[in-house]
Amino acid sequence: MSSKKTVLAIVLVALLAGVGFGVWRLSPTPAASAGWLFELSYPQANGQALALSSQRGRLTVVNFWATWCPPCVEEMPELSRIHTEMSSSGVKVIGLAVDSPSAVREFLAERPVSYPVAIVGAAGSDMAKKLGASVDALPYTVLLNQRGEVLAQKMGRIKEDELRRWIKEAK
């Protein structure tokens, strides 16, 4: 084998290893249970506390987002639509804002959603990691069953059809 072919082979192997590592690093890790989440309470944009225990016993979509995150903002109307359509059948959506209270208040005043939003601030990063997020990135969405077990999770923008598929499979 010539030296050019050897170098090319080494570069190709290194490139494939780097791509593989990147995919592995960004893949969510399984989280066994999220029951602890339902013990928490955080303020909403209106200042009232949102006790996450109010969602216990339901199929719950938990979405970590921020006002400055374009993919987060893109998926919010779809999450709102799902919450509106499926809320009466026991499927709930909760938004957990990894942001400041003033930014969330201003944002939701201009772009209201149908689902409850709690402002978790910087604590959202640790919460997302406990739910399986492998990196600090937004958006991050998790589907919990009625017992608080993680059924599905996604790092990055979730599409409405994907989320509907998750819910259908969980029912």
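The values are calculated or read from the model by the stated rules, or taken from the named source; none is laboratory data. Small disclaimer: the values here were computed from a predicted structure and weren't measured. All Cβ positions, even for glycine, are placed from backbone atoms using ideal geometry, and neighbour counts span all protein chains on display.
I'd like the full set of residues that are in contact (Cβ under 8 Å) with a residue 40 or more places away in the chain and of a type outside the set (A, V, I, L, M), limited to region 63-81.
Answer for region 63-81, where residues must be in contact (Cβ under 8 Å) with a residue 40 or more places away in the chain and of a type outside the set (A, V, I, L, M): N63, F64, W65, T67, C69, P71, C72, E74, E75, E78, R81.
Could you please let me know if V98 is surrounded by 20 or more Cβ atoms within 10 Å (Cβ to Cβ) and either under 13 Å from the mean Cα position of the chain (by Cα) or outside the structural domain of S134 (by TED's automatic domain parsing) (or both)?
So V98 passes the test.
Of all residues in region 119-147 being without any contact (Cβ under 8 Å) to a residue 60 or more places away in the chain and in contact with an Asp or Glu (Cβ under 9 Å, 6 or more places away or on another chain), which is nearest to L59 (Cα to Cα)?
Per the stated criteria, the residue is K129.
With the condition kept exactly as written, say whether any residue in region 68-79 is touching a helix residue (DSSP H, G or I) at 6+ places or on another chain (Cβ under 7 Å) and among the aromatic types (F, W, Y).
Scanning region 68-79 turns up no residue that is touching a helix residue (DSSP H, G or I) at 6+ places or on another chain (Cβ under 7 Å) and among the aromatic types (F, W, Y).
So, in region 53-75, exactly how many residues are at pLDDT below 95, in contact with a Pro (Cβ under 9 Å, 6 or more places away or on another chain) and surrounded by 14 or more Cβ atoms within 10 Å (Cβ to Cβ)?
1
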